[in-house]
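What follows is a set of notes on a single structure, which appears directly below.
No lab work stands behind these numbers, since they all come straight from the coordinates. Since the model is a prediction, treat every value here as computed from it, not as a measurement. Quick reminder, even Gly has a Cβ in these numbers, built from the backbone with ideal geometry, and neighbours come from all protein chains shown.
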Amino acid sequence: MPTVYATRRAHFNAAHRMHNPEQSDEWNRATFGECNHPNWHGHNYVLEVTVAGEPDPETGYVIDLGELKRIVHERVVRHVDHRNLNLDVDFLQGILPSTENLAVVIWQRLVDALPSGRLHSVRLFESERNAVEYRGE
């Protein structure tokens, strides 16, 4: 059977501040620039979740995209949308909320929640020009 990759896209808006408390304020300003602004800054994130697998012979689906939409919303989007990633999201506590780290945490929240297929990738855009992709360990 062929392997097919099914992708669901979601959107959320969130604020964060790039600041490593282990480093000096000077280091943080030099390293993160405007992303270190003490009053936060925000992104209109686009999240793409891709599931790989063989199409089910009865449905033709790798995964029901409606079910994937529900899982992504329940496990990720409802927790981060219109939130401050540094302060409001329990599963990000103690984690510097870079787009890279956020993609890894999203992977961890989804990898065992899929009813079919296997999680192939989490791709997260923080802007039209900047994105990261994580495919597990």
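Points worth noting:
- Residue match in segment 19-42 (condition: in contact (Cβ under 8 Å) with a residue 60 or more places away in the chain and under 20 Å from Ile106 (Cβ atoms)): no
- Per-region count, segment 19-62, residues among the aliphatic types (A, V, I, L, M) and either part of a helix (DSSP H, G or I) or in contact with an Asp or Glu (Cβ under 9 Å, 6 or more places away or on another chain) (or both): 3
- Selection of segment 82-98 for residues being surrounded by fewer than 18 Cβ atoms within 10 Å (Cβ to Cβ) and of a type outside the set (Gly, Ala, Ser) yields His82, Arg83, Asn84, Leu87, Asp88, Asp90, Phe91, Gln93, Ile95.
- Of all residues in segment 1-34, those satisfying the criterion of being crowded, with 17+ Cβ neighbours inside 10 Å, in contact with a His (Cβ under 8 Å, 6 or more places away or on another chain) and more than 19 Å from Glu133 (Cα to Cα) are Ala15, His16, Arg17, Asn28, Phe32.
- Breaking point among (1) within 23 Å of Glu133 (Cβ to Cβ); (2) surrounded by 12 or more Cβ atoms within 10 Å (Cβ to Cβ), for Pro55: (1)
- Scan of segment 77-93 for residues that are assigned to a loop (DSSP other than H, G, I, E, B) and under 17 Å from His41 (Cα atoms), ordered by number: Asp81, His82, Leu85, Asn86, Leu87, Asp88, Val89
- The set of residues in segment 99-127 being more than 24 Å from Pro21 (Cβ to Cβ), of a type in the set (D, E, K, R) and assigned to a loop (DSSP other than H, G, I, E, B) consists of Asp112 alone.
- Considering (1) in a strand (DSSP E or B); (2) over 12 Å from the mean Cα position of the chain (by Cα); (3) of a type outside the set (Val, Ile, Thr), the lone condition that Leu96 does not fulfil carries the number (1).
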